[in-house]
Amino acid sequence: MFGLDPQSIFERVRMSGQPPCVPTLGESVLRGMMGFTLVSLGGFAPWVLAGRWFYRNVGEVGLYATCALAFIGLSGLLLHRLILGPGSLSRFYKIFSLAFVAYAVAWTIGWMTLRGVLGGIVGSLAGMAVMGTILARGFTARGATLKIIGALFVANAAGYFVGESVHNAVLALKEGNALGLMLERSTRATLSKAAWGLFYGLGFGAGIGFALYVCQAEARRLVKGTEARP
C-alpha cells in the first residue's frame, strides 16, 4: 500500500544510482527531535495564537482538528528523510497522515472522556498503540510492534507531561515575582503554551525517530549489503 516494505525500499535505493544515506540510530532520533519540535510549535500555534477564538467558534474538537492538520501538513516537510531512499516525501505523508489521525482520534477520546492525568495517560497509550501498529504494518515490521509502541508511548508521555509541567509553572509566576513583573498575564499564557509545544515536540520527536529507525531494520540490512559488494 505504501511501498515501504524492505524490498521496495531497497529497490528504490538500487535503481536511483545514488549512494544511499543510511542514518544511525542517534542521527534518526536527533532528526526526529529537531524536525518534530518545529512541527509541534506549528501544530500548537492555533491554540497559542487563537485558542479563545477556536473555543468560542468551533469548540474543543474543532481546535484539536485544526492542530492535527497543522501537525500533518508540516510533518512531511521536516521528517520525510527519516525514510530511506528516494520518493520519501509522498510515502511519509501517506503513512504518517493515517497514523497521526488515528492517534489524534484515540487521544481525543481518551482525554475528553477521563480528563486530567488519567485522561492524558490513557489517551497517549491508546494513541501510541494505533500509531505504532500502523507504522509497524506499513513497514512490514510486525515483529517490532511492541517495541515501537513502547518507545512511542514513553517518548510521547514524557514530552506531554514535561511540557504540561513547564506550562503550569510559567502560568503560576506571581506578579510579585521579578520575572512575573516582566511578563504580562497574556504574555505568560502565550509563553506557557509555546513551552508545552516545545517539550512535546522534543519528546515525541525522539520517539518518532526511534520508531522509524526500528521499522527499517531489514531495509537497512539490504541497503548496507549492497554497499559492501565490490
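The values are calculated or read from the model by the stated rules, or taken from the named source; none is laboratory data. Just so it is clear, the model here is predicted, and its values are computed rather than measured. All Cβ positions, glycine included, derive from the backbone under ideal geometry; neighbour counts span all protein chains shown.
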Mind checking which pairs have a first residue in the stretch 210-230 that is closer than 17 Å to Leu82 by Cα and among the basic types (Lys, Arg) and a second that is assigned to a helix (DSSP H, G or I) and at pLDDT 75 or above, Cβ under 8 Å, 6 or more apart or different chains?
Arg221/Pro6
Identify, by number, the condition in (1) over 24 Å from Val22 (Cα atoms); (2) in contact with a helix residue (DSSP H, G or I) (Cβ under 9 Å, 6 or more places away or on another chain) that Gly116 doesn't meet.
(2)
Could you say whether any residue in the stretch 160-167 is modelled with pLDDT of 80 or more and of a type in the set (D, E, K, R)?
yes
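So, in the stretch 23-40, of the ones that are β-branched (Val, Ile, Thr) and assigned to a helix (DSSP H, G or I), which residue ends up nearest to Leu89 (Cα to Cα)? It would help to see each step written out before you state the result.
Going residue by residue through the stretch 23-40, those that are β-branched (Val, Ile, Thr) are 24, 29, 37, 39.
Checking the rest, the ones that are also assigned to a helix (DSSP H, G or I) come to 29, 37, 39.
Values: Val29: 18, Thr37: 18, Val39: 15 Å.
Among them, the one singled out is Val39.
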Tally of residues being under 16 Å from the mean Cα position of the chain (by Cα), surrounded by fewer than 20 Cβ atoms within 10 Å (Cβ to Cβ) and among the polar types (S, T, N, Q) across the stretch 98-148:
2
Please specify each residue of the stretch 1-34 satisfying the condition of being among the basic types (Lys, Arg) and within 17 Å of Lys224 (Cα to Cα).
Arg12, Arg14
